[in-house]
Every structure is written in structure tokens, then in C-alpha cells.
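Note sheet for the following structure.
Each reported figure results from applying straightforward, stated rules to the coordinates on display, with no laboratory input. Source: prediction; values computed, not measured. Because the Cβ atoms are built from the backbone with ideal geometry, glycine has one as well, and the counts that use them run over all protein chains shown.
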Amino acid sequence: MKRIILLFFIVNCFVLFGQKPTSKDSSEVCFPYTVGRQILLDLNDYDRVKGILVLTENEVDTLDLKIKKQEGIIKFLESKDTTYKEIIGEKDEKFKIVDGENKNLRDDIHKLKTKNTIIEIVAGVLIASLTYIQFFLQ
């Protein structure tokens, strides 16, 4: 049985199905007028669309270049923005330090005023007592 099946497949492999010989010339193709007109319209549309495709590809390339330039500008502006934020942060820190120093200086001025007032009172008492001793006890 296996040999019969094998023989069947071998015979089928060598059988060729070909075209029947015709006496007509196959280099000439005939279409109805409406089909031929539609083919010509389609070919014209194809040529027009090819031209549009080239223009569209050029436009896409131009837009890609423009997008890349704008991305570069955006990155530059973002880096500038971060730099400005750092500068603002440093200025805020500087103002905090200046405010702290001003508070310390005000405290020191208050202490000096108090000290000068005490010294003036003590000096006034000493001068008054020395003047009293000088004029009334001699």
C-alpha cells in the first residue's frame, strides 16, 4: 500500500499542467472604453499623488528640523529657568542672612545704649559726688 501511495505522488509530481496553445496574439490587450478611461484617470491620479507625496515628505523633513530647533530652544530656556530659580534661592538665603545679622546688630545696639546709659548715670553720680565733696567739704 505504501508503494502505491508513493508511486501516486511521484507520478503526480511529474504531471505538468500547462496552457493550451492559442492562435491569438497575447501582446495586445483590449479593454472596454470606460475601463481604459478609468485606468488613464487612475494613472494620472497616481502621478499627481506621487508629486504630492514628494512635497509632503519635504514638508515633514522641514517640520522635523523645525521641531528639533524648537526642542533645542526649549532645553536652553529650561536650563535658563533652573539657573534663575537657583539665583532667586540664593538671593532669598542672602536676605535671610542679612535679616539675621540686622537683628543681631539691633540687639548689640540696644545693649550698648543700655551700657552707655548706665555709664552716664554712674559718671553723673561720681561727678556730682566729687563736686559736692569739692565745694562743701573743703
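Take the convex hull of the alpha carbons in the stretch 26-110; its mean projected area over all directions comes to 10.4 nm².
Only the Cβ atoms of Lys and Arg (+1) and of Asp and Glu (-1) were treated as charged; on that basis the dipole of the stretch 28-121 about its Cα centre amounts to roughly 740 debye. Counting only lysines at least 8 places from LYS115 when in the same chain, those with an alpha carbon closer than 19 Å to its own are LYS103.
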